[in-house]
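Visitor: Next up is a structure, given as structure tokens.
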Amino acid sequence: RRSCGRRCCRRRAATMAGVARIVKLRVPAGSAKPGPAIGQALGPLGINMMEFCKAFNQATEQLAPNTPIPVRLTAMTNRTFTFVTKSPPTSWFLKRCAGIDKGAQRPGHSVVGSVSVQQVYEIAKAKQQDDHLQHLHLKSLCQSIIASATSMGIQVTNDRATSSS
């Protein structure tokens, strides 16, 4: 695709030169294996799956095993790649804090678990480490996490109000 000649399009075309495709994956931390899930995404691009698995496992060795990690992999035309790991999904954090396996089947009608405001704050601090969320205020991230919890049927409780009485 040719650029239209505007400055922003020329810059985008220059930065995208040599990029074959950008692939988004969700891989368990520290246990990436060259299997069907990764193979179907990387095989058509000609990327060595074992090389990606080794690099990914080395980058995520400090995380808890089997934590789902979103990955943004940029495949180049010369069959090389770069990847960026992000923090686990908010729903994974919420389910882990609430001690549940899945959200409510009828959110808003049934409650399957609860998390404290302190836990929401800790999740927001962890999510704020991502490059694409660093510009957001912690309060905004907390509100977004509370909305996600509500949509999953998880109640957010204020522990300070119950512990002081």
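Visitor: Per residue, how large is the accessible surface of the chain? Use a 1.4 angstrom probe and give square angstrom. Working shown, then result.
Guide: Values: 10860 Å² over 165 residues.
Here the per-residue accessible area is 66 Å².
Visitor: For residue 131 and residue 79, compute 0.36 nm times the residue count separating them, minus their Cα-Cα distance, and round to one decimal in nm.
Guide: Taking 0.36 nm per residue and subtracting the Cα distance, the gain is 16.2 nm.
Visitor: Rounded to the nearest 500, what is the chain's calculated 222 nm mean residue ellipticity when only DSSP H runs of at least 4 contribute -39500 (n - 2.57) each, over all residues? Walk me through the numbers before you get to the answer.
Guide: Working: 7 runs with 68 residues, N = 165.
Result for the chain: -12000 deg cm²/dmol, rounded to the nearest 500.
Visitor: For the chain, how big is Rg over Rh, using alpha carbon atoms and the Kirkwood form of Rh?
Guide: Computed over Cα atoms, the ratio is 1.08.
Visitor: For the pair residue 158 and residue 101, how long in nm is the line joining their label points, each one 7 Å along Cα→Cβ?
Guide: The modelled label-to-label distance comes out at 3.5 nm.
Visitor: Can you pull the semi-axes for the range 40-137, root of five times each eigenvalue of the Cα gyration tensor, sorted largest first, whole Å?
Guide: Details: eigenvalues 210, 53, 33 Å².
In descending order, the three semi-axes are 32, 16, 13 Å.
Visitor: Could you tell me what percent of the accessible area of the chain is made up of carbon and sulfur, with a 1.4 Å probe and every protein chain present? Write out the running numbers ahead of the final one.
Guide: Working: 5420 of 10860 Å².
C and S atoms contribute 50 percent here.
Visitor: Cα-Cα over 21 Å: which of 95/125; 33/95; 54/95; 54/125; 33/125; 33/86?
Guide: 33/95; 54/95; 54/125; 33/125
Visitor: Also, I was wondering about something else. Tell me which DSSP H helices of the chain clear both cut-offs, 20 Å or more of axial length from alpha-carbon atoms and a mean Kyte-Doolittle hydropathy of at least -0.5.
Guide: Those that pass (Cα extent of 20 Å or more, hydropathy at least -0.5) are 138-152.
Visitor: Looking at the chain, send over the antiparallel percent of its DSSP beta bridges, to the nearest 5.
Guide: Counting DSSP beta bridges with both partners in the chain, the antiparallel share is about 75 percent.
Visitor: If contacts are Cα pairs under 8 angstrom and at least 6 residues apart, what is the relative contact order of the chain in percent? Numbers along the way, then the final one.
Guide: On the way: 218 pairs, mean separation 31.2, N = 165.
Computed value for the chain: 19 percent relative contact order.
The values are calculated or read from the model by the stated rules, or taken from the named source; none is laboratory data. Note that the structure is a prediction, hence the values are computed from the model and not measured. As a convention, Cβ positions derive from the backbone with ideal geometry for all residues, glycine included, and neighbour counts pool all protein chains shown. Quick note on the areas: whole protein, heavy atoms, side chains included, nothing else; ligands and nucleic acids left out. Shrake-Rupley method; radii C 1.70, N 1.55, O 1.52, S 1.80 Å.
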